[in-house]
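All remarks here apply to the structure that follows.
The values are calculated or read from the model by the stated rules, or taken from the named source; none is laboratory data. Because the structure is a prediction, the values reported are computed rather than measured. Because the Cβ atoms are built from the backbone with ideal geometry, glycine has one as well, and the counts that use them run over all protein chains shown. To get the accessible areas, we keep the full protein, side chains included, count just its heavy atoms, and leave off ligands, DNA and RNA. Shrake-Rupley method; radii C 1.70, N 1.55, O 1.52, S 1.80 Å.
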Amino acid sequence: MAEMMLPIQDGDIKTTVNDLLKGLLRSGKVSAVIAMQETPSGKSAFPTMVSDPEKMDANVFAPLLPVSTGTMISRITKVRGSNKPITVVLRSCEMRALMELVKLNQADLTNVTLIGVDCPGTFPMNTYSSFPGDKTPTEAVLEGGEAEKYMRSACLSCKDPVPENVDVVIGIYGVDLKKGLFIDTRTDAGEKLLEGIELVKTDAKARVKAVEDVRKSKDAVRAKFIEERSDIKGIDKITEFFDTCVNCHNCMKACPICYCKECLFDSSVFDLEANKYVAKAENKGSFKTPTDSMLFHITRFNHMILSCVECGLCEQACPSNIPLMDIIIPIAENAQKEFEYLPGRDSEEKLPMIVYREDEFQDVGEK
Amino acid sequence: MSEEFEPKIVGFLCNWCSYAGADLAGTSRIQYPSNIRVIRVMCSGSVDTVYVNRALLEGADAVLIGGCHPGDCHYLNGNYKARRRMVLMKNILETLGLEPERIWVRWISASEGQKFADTVKEIVERTKEMGPNPMGKRWNV
Ligand code: SF4
Ligand code: SF4
Ligand code: FES
């Protein structure tokens with residue numbers, strides 16, 4: 001079995017997927033499912049761990065990214081992996097973050113199966129909570145069109161909205177959403193998971209074409225995004241860019257792949273005696289407090305940019321609304337190209353900063 | 001500027017090679033400019049980008065990371081990792097338009113006192129052409 005379709009019951013996508021997940025719990029195939037579930041007010045949605053099938057109320061297409069599911073899986077499994085089978089439903093950027101965390105030994109996928117869903121994009125938290133118009137955010141995003149204007153910039157220029165490294169893909173591209181959802185079982189574990197679930201055959205070619213198209217159009221948007229921001233360069237522009245940064249480190253805390261247990265910048269390393277500050281003032285003439293905002297950002301980029309999955313959670317977390325993706329996407333693009341590295345591509349791949357080749361970058365160090 | 005600009009250079013030199021190379025330059029009385037402030041480190045691989053950034057943001061006009069020649073690192077591969085790290089750092093600064101040329105990486109062995117002196121001379125010359133690091137006098141970074 002490879003390309004099949006999950007027929008939609010009563011035109012209701014949410015219930016269709018929810019029933020599938022409920023079934024996994026009922027059949028005893030898995031002990032728990034983690035999937036996006038709306039809060040009772042409908043104002044928000046969070047990755048939610050469910051073991052009671054009656055409590056399963058997932059909306060896997062809820063267009064909101066309050067946290068990365070990758071981070072949550074890390075929190076749940078980092079002390080010790082699970083003895084019991086867990087299925088996690090997640091989107092492409094969350095899957096990529098999770099793969100990076102696996103490489104960092106900060107997530108353990110023992111007994112974890114992954115269901116990836118095509119992501120139509122997400123809205124900022126406040127837009128989601130009080131969504132304009134009569135439609136729910138989920139309805140709006142699945143219909144496309146209009147909804148785009150509310151979308152987070154990270155999603156508009158998403159690197160790849162279709163998840164790759166998963167056991168099963170639930171797809172919205174290349175199928176008629178009135179009829180069904182595309183189902184692609186990619187591994188034996190995925191096949192086992194869906195055993196006994198009624199699927200119908202669908203046109204694999206239409207899917208391949210649709211995925212190609214959506215990737216192409218996202219690539220184009222992303223390239224334009226980078227192009228349009230190429231003038232944010234040089235000390236004047238960069239300091240202006242960070243002028244409203246209050247050095248709260250929220251961007252670092254929200255980032256799924258900012259991996260240190262204790263950030264250097266939250267440690268006492270930068271606690272200096274008053275005399276040192278006076279010396280700094282004498283040296284530079286003057287300096288603003290809090291100090292070291294730029295040092296924090298540039299150092300953070302050096303530490304995480306190769307694993308940056310471009311989820312935009314940093315930007316979403318910023319109290320000063322600094323459009324961080326404006327510089328993060330171009331930096332990530334160039335740095336990842338230099339090392340021919342794509343975060344999330346392969347969980348077996350080594351992080352670029354822990355490996356090397358003797359015959360690379362040979363001009364560095366000589367001339 | 002009436003006085004000639006004298007660049008400030010911070011050098012992170014590996015204990016086992018470049019630092020000893022600098023020492024040899026001194027004991028052999030090879031002349032080199034006094035613009036460099038040397039910080040001895042145990043291996044070029046121990047120089048995190050935060051130190052290099054800090055030096056630049058505090059106004060160093062250039063930073064030198066001196067390590068053992070490829071294959072000669074006392075800890076086997078620290079210099080290969082340092083090389084990757086500095087390639088990444090330069091790449092990021094390039095995208096931000098923040099003068100990656102101010103960062104220098106050089107492999108200088110314990111017996112290369114002359115190479116050390118020549119390297120410092122070269123850095124001083126190039127940095128004089130570039131002028132002072134504009135980050136040095138920024139109060140709002
Ligand atoms: S730096 Fe920002 S966009 Fe990149 S992974 Fe972290 S939170 Fe996401
Ligand atoms: S979240 Fe915004 S204000 Fe806070 S440190 Fe990051 S960029 Fe600065
Ligand atoms: S010991 Fe000299 S570079 Fe590693």
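A few comments on the model shown:
- Leading residue by the ranking (surrounded by the fewest Cβ atoms within 10 Å (Cβ to Cβ)) among those in region A:358-367 that are facing chain B (nearest Cβ under 7 Å) and more than 17 Å from B:Ile108 (Cβ to Cβ): A:Glu358
- Boolean, A:Lys149 is surrounded by 23 or more Cβ atoms within 10 Å (Cβ to Cβ) and at pLDDT below 95: no
- Test for A:Ile322: is it within 14 Å of chain B (Cβ to nearest Cβ) and among the β-branched types (Val, Ile, Thr): no
- Extreme residue, nearest to ligand 3 (Cβ to nearest atom), among residues of region A:272-308 that are farther than 30 Å from A:Thr71 by Cβ and polar (S, T, N, Q): A:Asn283
- Verdict on A:Asn165 being more than 14 Å from chain B (Cβ to nearest Cβ), part of a loop (DSSP other than H, G, I, E, B) and either open to solvent by 40 Å² or more (accessible area, probe 1.4 Å) or within 16 Å of ligand 2 (Cβ to nearest atom) (or both): yes
- Tally of residues being part of a loop (DSSP other than H, G, I, E, B) and open to solvent by 30 Å² or more (accessible area, probe 1.4 Å) across region A:313-327: 4
- The residues of region A:246-279 that are within 12 Å of chain B (Cβ to nearest Cβ) and at positive phi amount to a single one, A:Asn247.
- Residue match in region A:337-359 (condition: in a helix (DSSP H, G or I) and over 30 Å from B:Cys17 (Cβ atoms)): yes
- Look at (1) open to solvent by 70 Å² or more (accessible area, probe 1.4 Å); (2) closer than 17 Å to A:Val112 by Cα; (3) not in a loop (DSSP other than H, G, I, E, B) and you find that A:Arg80 fails only one, number (3).
- Whether a residue is within 27 Å of A:Lys159 (Cβ to Cβ) and in a loop (DSSP other than H, G, I, E, B) was assessed, and A:Val33 does not pass this test.
- Residue in region B:2-20 that is within 11 Å of chain A (Cβ to nearest Cβ), within 16 Å of ligand 2 (Cβ to nearest atom) and not in a strand (DSSP E or B) present: no
- Check on A:Glu338, in contact with a helix residue (DSSP H, G or I) (Cβ under 6 Å, 6 or more places away or on another chain), open to solvent by 30 Å² or more (accessible area, probe 1.4 Å) and within 12 Å of ligand 1 (Cβ to nearest atom): no
- Residue satisfying condition, being assigned to a helix (DSSP H, G or I) and either within 11 Å of chain B (Cβ to nearest Cβ) or surrounded by fewer than 17 Cβ atoms within 10 Å (Cβ to Cβ) (or both), within set A:Asp243, A:Asp219: A:Asp219
- B:Val124 being among the hydrophobic types (A, V, I, L, M, F, W, C) and under 16 Å from the mean Cα position of the chain (by Cα): yes
- Of all residue pairs spaced 6 or more apart or on separate chains, those with beta-carbon atoms under 6 Å, a first member in region B:121-141 that is under 19 Å from B:Ser34 (Cβ atoms) and a second member that is outside any loop (DSSP other than H, G, I, E, B) are B:Ile123/B:Ile9; B:Ile123/B:Ala62; B:Ile123/B:Trp104; B:Thr127/B:Ala62.
- Flag for B:Tyr32 being within 21 Å of A:Lys280 (Cβ to Cβ) and in contact (Cβ under 8 Å) with a residue 12 or more places away in the chain: no
- Of all residues in region A:100-113, those being more than 19 Å from A:Cys314 (Cβ to Cβ), within 16 Å of ligand 1 (Cβ to nearest atom) and not in a loop (DSSP other than H, G, I, E, B) number 2.
- A:Ile232 vs. criteria within 13 Å of another protein chain (Cβ to nearest Cβ), in contact with an Asp or Glu (Cβ under 7 Å, 6 or more places away or on another chain), modelled with pLDDT of 95 or more and farther than 17 Å from A:Ser293 by Cα: yes
- Test: residue in region A:209-221 that is free of Cβ contacts under 8 Å to residues at least 24 places away in the same chain, away from ligand 1 (no atom under 16 Å from the Cβ), within 21 Å of the chain's Cα centre (by Cα) and not assigned by TED's automatic domain parsing to the domain that holds A:Gly116: no
- Verdict on A:Val355 being modelled with pLDDT of 95 or more, open to solvent by 20 Å² or more (accessible area, probe 1.4 Å) and β-branched (Val, Ile, Thr): yes
- A:Pro352 passes every criterion in (1) free of Cβ contacts under 8 Å to residues at least 12 places away in the same chain; (2) facing chain B (nearest Cβ under 8 Å) apart from (1).
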